[in-house]
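Have a look at the structure below, then the notes.
Just so you know, all these numbers are worked out from the coordinates, no wet-lab data involved. As the structure is a prediction and not an experimental result, all values here were calculated from the model. Neighbour counts run over all protein chains shown; Cβ positions are idealised from the backbone, glycine included.
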Amino acid sequence: MGSSCFSMLVLLLLLLLGAFGVWGASDFRICAFNLQGFGESKANKPKVMHTLVRIISRCDITLLQEVRDNKMKALPQLMNLLNSYDDNYMYDFVASKRLGRSPAYQEQYVFVYRTETVQVTGQYQYPDTLPGDIDAFSREPFVIRVKAPKTAIKEFVLIPQHTSPANATKEIDSLYDVFVAVRGMWKTENVMFLGDFNADCGYLPKKHRKNVRLINDHRFVWLIPEKVDTTVRESTSCAYDRIVVHGEAFTRAIEPLSAKPFNFPKEYRLTEEQALDVSDHYSVEVCLTSGSPRQQSVSFPLLLLFLLLACAFICS
């Protein structure tokens, strides 16, 4: 094959990829990260904070869990570092009230987001009781509604949850009731659940999964597989942290194979000890496509057929 023929084929391939939406994947990334007791102690460790900034700055919106910043000093420090890290983006956040059954141990859910790509258009703190039940969650979901104009889905709802390990089965099941409430309130089917569900190993035994509506209702798509390890410690291998999507349009807007843990110790060449100073969890993430979902549905075999026909015509 001559060099001119090869060059023309490369150009044609690029044109076809663009025309058929194969370049529909965007850099819009949704993340969830259990920070394992984030407060003043971690904020006073520059190396830990630098690693946190590197992890969070990869994402358009990040759910932070186990934020225990009682004096509200660590979170502003983290935001200042984020906003001085990358000149291309500015970050803001919304946070829940302090949640927990014991006054001695409470956490906040915090959503950190890029103001250039995300608008938070609604907030809802789920109440601490359900009909016929008392205090279903240790930390009730702090739900937000989001606009993301550059994505295929445009607008969606995020429901966070950090379950109590001893009550993981019941709390994951109760997320269904949160979904029903949010769907009725905001009239949307496009809902994502994310966070540290403790949804594996001894906290969610297989024999209990038949009792979890979020698992047994096939309208909910679990994006992080059970066999994936979301923990930092080499001695454990559990898929605690999950991302679950509801809604046909939302499911089509997910970039294929993008849902995964982010192995930050490997990425940043940290020892296990150094990584555990940051957290004992990996963050988990998923990317959304840009453009219309319809454009993403063109099959690769069809694209390949066009390319082969072009090859035969150009180089004959």
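Residues in the range 136-156 near a label at Ala249, defined as backbone nitrogen under 15 Å from the 7 Å Cα→Cβ point? What the label zone holds, given the 15 Å backbone N cut-off, is 146-156.
Between Ser258 and Gln125, the contour length at 0.36 nm per residue exceeds the alpha carbon distance by 45.0 nm. Given R₀ = 30 Å, FRET efficiency for Ser237-Met72 by Cβ-Cβ distance, to 0.05? With R0 = 30 Å, the Cβ-Cβ based efficiency is 0.25. Scalar couplings 3J(HN,Hα) for the range 85-91, obtained by applying the Karplus form with A = 6.51, B = -1.76, C = 1.60 to θ = phi - 60°, are 7, 9, 5, 7, 9, 10, 10 Hz; x denotes Gly and Pro.
Filter the cross-link list Lys147/Lys187; Lys150/Lys260; Lys73/Lys266; Lys154/Lys260 down to pairs whose alpha-carbon distance in this structure exceeds 20 Å. Each step should come with its number before you reach the end.
On the way: Lys147/Lys187 15 Å; Lys150/Lys260 22 Å; Lys73/Lys266 30 Å; Lys154/Lys260 22 Å.
Long pairs (Cα-Cα over 20 Å): Lys150/Lys260; Lys73/Lys266; Lys154/Lys260.
Across the range 194-203, coupling constants 3J(HN,Hα) worked out from phi with the 6.51/-1.76/1.60 Karplus curve, θ = phi - 60°, read 7, x, 7, 7, 6, 8, 6, 6, x, 7 Hz, and Gly and Pro carry x. Near the amide H of Ile159, within less than 5 Å, lie the amide hydrogens of Met192, Phe193, Leu194, all on another chain or at least 5 residues away, with H placed in the peptide plane. When each of the peptides 140-152, 228-240 is scored by how many other beta carbons lie within 10 Å of its residues on average, the order from highest to lowest is 140-152, 228-240. Packing here is the average count of other Cβ atoms within 10 Å per residue, and on that basis the peptides 95-101, 248-254, highest first, run 248-254, 95-101.
What FRET efficiency, computed as 1/(1 + (r/R0)^6) with R0 = 35 Å and r the Cβ-Cβ distance, is obtained for Asp217 and Gln106, rounded to the nearest 0.05? Don't jump to the answer; show the numbers that get you there.
Values: r = 31 Å, r/R0 = 0.89.
FRET efficiency, Asp217 to Gln106: 0.65.
On the beta carbon distance between Met90 and Asp27, with R0 = 25 Å, the FRET formula returns roughly 0.95.
For Asn34, the amide hydrogen comes within under 5 Å of the amide hydrogens of Gln65, counting only partners 5 or more places away or on other chains and with H modelled in the peptide plane. The protection proxy used here, the mean number of other Cβ atoms lying within 10 Å of each residue, ranks peptides 88-94, 50-56 as follows, highest first: 50-56, 88-94.
Specify the inter-centroid distance of the range 66-106 and the range 224-295, based on alpha-carbon positions, in whole Å. Answer, in whole Å: 21.
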